[in-house]
Structures are given as structure tokens and as C-alpha cells.
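Shown next, in C-alpha cells, is the structure this report addresses.
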Amino acid sequence: FKTRDYKLVSWFSKFEPKNYAHMHHHGHADISGCYYYKTNEVDGSIFFKSPNPHLGTSACYSKVNNTWIHPPAIGKIILFPGWLLHGVKINETHNTRISVSFNVFFKYYK
């Protein structure tokens, strides 16, 4: 497959104290992402949940976490597949965190 066109959808998120984001995914987005514009780096980390709930059943993968946590940092960009479950932990500070999130949808040609 070749790709030539894409659609970008973006939005600002403002997390005031006590705000958080429920676990969710971005449907059929090819790439999703987040850019941190304003943060004190402890005002709500993004977390990702593995789509494989059986990691702990194998001795090989028993030490692999089922959830990954990434703290925010000014200027940091996180990219991930749109189908990956994720959320944002509660902002337990007095700071307001501002980020720009986005989805990229590619148009494929044969």
C-alpha cells in the first residue's frame, strides 16, 4: 500500500486541578499523539494499557508491566497507535496543564 494523503485532527486539552481523563482509545486513527505545552511535570501522567491481558501468565513476560506511565514534560511529544487504550491520571496539583492532542488518518492507495 502507498499513502499520499492524510487528515490531521487536533484539539487543546486543559487539565485543571482534580481533572483526569478516563481510559479510552482513538478509534481508527492511524497515529495519535500528545504535545505538552504547559506542565509542572507532576500534574497528570498519561498511561497506556497493554492490549494483552495475559502477559503475567508466561514466565517470559511475568516481569513486563501491563500498564506504562509517562510523566508530562514541556515540549515532549508522545506518538502511539490510535487503538491503544490510554488515559490521564488525576491532576493532584494546583497547576493547570495544557496539551495539544491529535489524530492522523492516512488515505491508502493500492
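The values are calculated or read from the model by the stated rules, or taken from the named source; none is laboratory data. All of these numbers come straight from a predicted model, not from anything done at the bench. Positions of Cβ are generated from backbone atoms using ideal geometry, with glycine treated the same way; all protein chains shown enter the neighbour counts. What goes into the accessible areas is simple: the full protein's heavy atoms, side chains included, and nothing from ligands, DNA or RNA. Shrake-Rupley method; radii C 1.70, N 1.55, O 1.52, S 1.80 Å.
Once a ≥ b ≥ c are taken as the square roots of the eigenvalues of the Cα gyration tensor of segment 21-64, is the result rounded (a/c under 1.5), prolate (a/b larger than b/c) or oblate (a/b not larger than b/c)?
oblate
Please report, for the Cα atoms of segment 45-87, the Rg to one decimal and the Dmax as a whole number; what are they, in angstrom?
Every Cα atom of segment 45-87 included, Rg and Dmax give 12.4, 38 Å.
What number comes out for accessible area per residue over the chain if the probe is 1.4 Å? Units Å², please.
With all protein chains present, the chain gives 68 Å² per residue.
Got a number for carbon plus sulfur as a percent of the chain's accessible area, 1.4 Å probe?
60 percent
If you take the Cα Rg of the chain and divide it by 2.2 N^0.38 Å, with N the number of residues, what do you get?
1.22
Looking at segment 1-109, which trypsin sites (Lys or Arg not before Pro) are DSSP coil and have at most 13 other C-beta atoms within 10 Å of their C-beta?
Passing sites in segment 1-109 are LYS18, LYS63.
Using Cα centres only, tell me the gap between segment 69-99 and segment 10-40 in whole Å.
So the two Cα centres are separated by 6 Å.
Past 21 Å, Cα to Cα, is the threshold; run LYS14/LYS76; LYS18/LYS38; LYS18/LYS89; LYS7/LYS89 against it and keep the listed order.
In this structure, LYS7/LYS89 exceed 21 Å between Cα atoms.
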